[in-house]
Every structure is written in C-alpha cells, then in structure tokens.
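Note sheet for the following structure.
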Amino acid sequence: MQMQNRRAVVVGAGVAGLASAIVLSKLGWRVALLERRERLKGDDLGMILWASGVRALRALGVDATLDAAGTPVERFEIRNEERLSSSFGGAMLGADDGTPSVMVHNAMLYEALVSRLGDSVEVHPAVQVDRIDMVDLAAGDATRRWDADLVVAADGIDSPTRSLVAPGSPTVDAGVVVFRGIIPAHRAPERSAEAVEVYGPDRRRFGYGDLGHAGACWWATVPGGMRPESPQIQHELINRWFADWPAPVGKYIAATRPSELTQQSVRYVWPVPGRLHQGAGSSGGLVLMGDAAHGVAPILAQGGSLALEDAVTLGWALRRTPESVPDALASYDRARLPRLKRVARLSRRVHTIASGGRGVTRGLLRAVPDSWVQSQAASLADWQPPR
C-alpha cells in the first residue's frame, strides 16, 4: 500500500501530536488529529528547547528563532543560595554544528507547528478518545470512530493508551509542584541571555530565562501537592517561600501578577517502557509518543525536545521501511529506546539529588565537578536526526 493511501490517527494535539501530524502529512498520509480541547492553543509558559530539539524542529521545516520567536541561550548557570555551582556556554551544547539552545514561549512554538500542518491533516477538536480498537485498528469516542493504519498516541503523561503497550510503566508522583510565571516584556526585570536555576533548602528550586520580545519566564518548584488557594494567595505564598533568596528571584516574583501564575503537579513515567509500539490487525500498529511514552522527570527540561525528536525519528522509520508499518515501528523502537532510557535515568537521578533535603543538594552541588555537569548537559543535547 502506498503511503498516499494510508490513514493515521494522532491522539492529542500537543507538541508531540502536532509534530507527528506534520511528519505524516509530509510523507503523504491522510491524518486525523483528535484533540480533547475545543480549540488548538499553546500554554502560556516558557520552555527550553535544547540544541537537539532545535535540530528536530529544523527537520520539520520550523526555525526555532525565526518561526517560533525563540531566544538563543548564551549561558546556562546552576546556583545554590550562596554561590555559582556550575556555568557553561550554550554554544558548547551545539558544538558539533553550532546549533543553539533556545528559550521559547510555548504558545508561539505551538502556532509555528500548527501553521505547518499540511492539507491532508483534518483537525477534530472536542474529541475525548476513550476507545482504541486493536483488532480493526481505529480510535474514537462514544459516537465517532476513525479507522487507521497507524495510531499515534500522543495523549500526555496520563495517557490511558500507555497501559495497552506498557502496563508496567505507570505515572509516578514526584511529590512536588511547579509554579510558572510569564512576565510581559514591558514589566520584565532587566535580563541577559542566560537560563539560570537556583537550588535551595527543603527541595525548593527557582529558575528563570529570557523570552526576548515575549518577555521573561520563571519557574518555582516546591514540595507538596497542588495548592487550592486563590491566585492572589498563591502569589503571597511564593513571595514568602522565596523571600530570602538572592537577586533577581524577588524581582521576577514581584513583576508577576497573580493572574499570570500557573501551577502543575510534577509527575513522570517510571520505568521507561520496554517498547513503544504495539502491532494491530494484519498490517497496522500503535505507537506512543512524547510524554505518553516517556514523560521524564522534568528537572532537566527535556520534555519538549524529546517530543520533537520522537516525531522526526518516526518519519525516518516510516521512510526507511515504507512497505510495512510494523517493521517501521520496530525500527523506531530500536532507534529511540536507548536514548530515552539514558535521559530518563539521568533525569530521575538529578531529581532524587534535588529532593535530598536540607544541606544534601548544596553539598552535592559543591562536590560535583563542573566538567561532569557540562559533559552530561552536552550528552543530552547531542542528538542528531537519523539518516
């Protein structure tokens, strides 16, 4: 069967789902993109795309700085409350080809991806997929059904589909909540082309970065569960939790209005699935993508980059073995799993260190050689699109 006659259903229109739909459309597939929300819209938050993610975007035909308005990061810094622990240039992470890492506003990245959806992609909003037929491959809800040769499950960290492929890889609660803020450019503190994360006592962390014309972003991680209080009270709590932290932490919090706050519990998938696909029918298959497959502990901010890498690698596998979807998905597994397991292990290890309690994180930050931190960061960003 020619690719032009093949049908794919992509479940979820996040970064992984949009990127997968772009790849499949470029290969000539007809794509049904099913999204539970009523409209396609990115989140109002900032995110880091490492050099690997920027390369993946480029392979999709999207320029991270021009199309998604990303701001290149010239330097990454890790600090504790007293001193700089590690610092390395952003250029080091893209050393092979000079690719920068960038800070990007999620909504702008989202718009750039949506604009690349081909004519063969049909978007179906307000569809809560709760049925997947693995015999006569299809996905749908209580009233509608989309038949497919390939189902891409990009339905997020709480994916109900993951249990079909990898029942031994549950979602784990990390025991912390992350608050995020976006500050418009006219209110943003004076900033430089740096991404900084500060580690403090009691499992608290605070990071910030420059979004260029989109302003600035910050994130604050604290132990516990979701806070039920009003945004105003949440803002006051954050002020209290980080009141004695070094500059410019206080300036970022003060410049943020309560309405600009979001919070999210931190969860990850562990262990990483032993496989990412499942055969279906005689010639079709289902594959997990993005956080649905490997939602890693977010401390290393790898989620967006890994999702884009997933989509590009899927396209490579389907081009490599165009006559067989099951064979292509097996190639996809072989190409992706070693990297995903390495990133997941390192992310979980760093999360465990950062959750070590008062004094533990500070001591480890002092003890770990700067060269080790740099080499680990470089190894995470060294991915290249397969050829």
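The values are calculated or read from the model by the stated rules, or taken from the named source; none is laboratory data. All values derive from a computational prediction rather than experimental measurement. Positions of Cβ are backbone-derived with ideal geometry, glycine not excepted, and every protein chain shown enters the neighbour counts. Each accessible area value is taken on the protein alone, full model and side chains, heavy atoms only, with ligands, DNA and RNA left out. Shrake-Rupley method; radii C 1.70, N 1.55, O 1.52, S 1.80 Å.
Short version: what are the Cα gyration tensor semi-axes of the stretch 222-302, square root of 5 times each eigenvalue, largest first, in whole Å? Spell out each step's value before the answer.
Details: eigenvalues 319, 38, 25 Å².
Its equivalent ellipsoid spans semi-axes of 40, 14, 11 Å.
Please state, rounded to one decimal and in Å, the Kirkwood hydrodynamic radius that the stretch 1-150 gives when every pair of distinct Cα atoms enters the mean of 1/r. If you can, show how the numbers build up before the last one.
On the way: mean 1/r = 0.0581 Å⁻¹.
After inverting the pairwise mean of 1/r, the radius is 17.2 Å.
Provide the per residue accessible area, probe 1.4 Å, for the chain, rounded to a whole number of square angstrom. Write out the running numbers ahead of the final one.
On the way: 16140 Å² over 387 residues.
Heavy-atom SASA per residue in the chain reads 42 Å².
Let me check I have the definition right: for the stretch 156-237, take the eigenvalues of the Cα gyration tensor, multiply each by 5, take square roots. What are those semi-axes in whole Å, largest first? Walk me through the numbers before you get to the answer.
Numbers: eigenvalues 179, 62, 39 Å².
Value: 30, 18, 14 Å, ordered largest first.
Can you send over the carbon and sulfur percentage of the accessible area for the chain, probe radius 1.4 Å, protein chains only?
Numbers: 8090 of 16140 Å².
Carbon and sulfur: 50 percent of the exposed surface of the chain.
To the nearest Å, what is the center-to-center distance of the stretch 1-57 and the stretch 233-301, using C-alpha atoms only?
For the stretch 1-57 versus the stretch 233-301, the Cα centre distance is 19 Å.
Where a ≥ b ≥ c are the square roots of the eigenvalues of the C-alpha gyration tensor, would you call the stretch 110-205 rounded, which needs a/c under 1.5, or, failing that, prolate if a/b is larger than b/c, or oblate? Mind showing how you got there, number by number?
Working: a/c = 3.28, a/b = 1.64, b/c = 2.00.
It comes out oblate by the Cα gyration axes.
Given +1 on the Cβ of Lys and Arg, -1 on the Cβ of Asp and Glu, and no further charges, what dipole in debye does the chain carry about its Cα centre, rounded to the nearest 20? Numbers along the way, then the final one.
Details: 44 positive and 41 negative charges, 140 e Å.
So the magnitude is around 680 debye.
So what's the net charge close to Glu260: Lys and Arg +1, Asp and Glu -1, counting the other residues with Cβ under 14 Å from its Cβ? Intermediate results must be reported in sequence, preceding the final value.
Details: positive: Arg180, Arg187, Arg257; negative: Asp43, Asp44.
Charge balance near Glu260 sits at +1.
Taking the chain as the reference, fit the longest principal axis to its C-alpha atoms, fit the long axis of helix 303-320 to the helix C-alpha atoms, and give the angle between the two in degrees, 0 to 90, nearest 10.
Taking the Cα atoms of the chain, the angle to 303-320 is about 30 degrees.
With every atom except the alpha carbons ignored, what do you get for Rg and Dmax of the chain, in angstroms?
Every Cα atom of the chain included, Rg and Dmax give 20.7, 64 Å.
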